[in-house]
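*Asks:* Sending over a structure as structure tokens; questions will come in a sec.
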Amino acid sequence: MPVDHAANIYWATVLAAPSPPTEGLTLTVPPAQSGDFPPVPFFATVSFPGNSEIQAGPDTTEPVTVTAIAGNTLTLVRAVSPAYRRAIRAGDQIKTTLVVRGPGI
């Protein structure tokens, strides 16, 4: 049976970045996109527009956990992977993410 692997991938553009950008715990997305995300909590990746996870690195991508959605404001747990901490900016993209953890992670 064919499986549509893209059916559960959600993304939105960051309208208002966390403050401060490297430590803030909330961001906003367009109201029309905020209802597209799955129920919380879920893993997500924040990166600059057009970046793919193949190019993931501490300057381009930050994995987060989204713990709440109120209207179009998402609450985040940051430092999910301390090596991948970056300044989140307006215009970045937040996407749902699958996370594979190895021993000790």
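*Asks:* Kindly provide the Kirkwood hydrodynamic radius of segment 11-96 in Å, to one decimal, from all pairs of distinct alpha carbon atoms.
*Replies:* On the way: mean 1/r = 0.0807 Å⁻¹.
Hydrodynamic radius (Kirkwood, Cα pairs) of segment 11-96 is 12.4 Å.
*Asks:* While we're here: Report the net charge of residues surrounding Ala83, where surrounding means a beta-carbon distance below 13 angstrom and charges are Lys +1, Arg +1, Asp -1, Glu -1.
*Replies:* Working: positive: Arg78, Arg85, Arg86; negative: Asp59, Glu62.
Combined, the nearby Lys, Arg, Asp and Glu give +1.
*Asks:* Each label point is 7 Å from the Cα along the Cα-to-Cβ direction; what then is the distance between the points at Ser81 and Ile9, in nm?
*Replies:* Here the modelled spin labels are 1.6 nm apart.
Computed from the coordinates by the stated procedures, all read-outs in this text should not be read as laboratory data. Predicted, not measured: the structure shown is a model, and the values here were computed from it. Cβ: placed from backbone, ideal geometry, glycine included. Neighbour counts: every protein chain shown.
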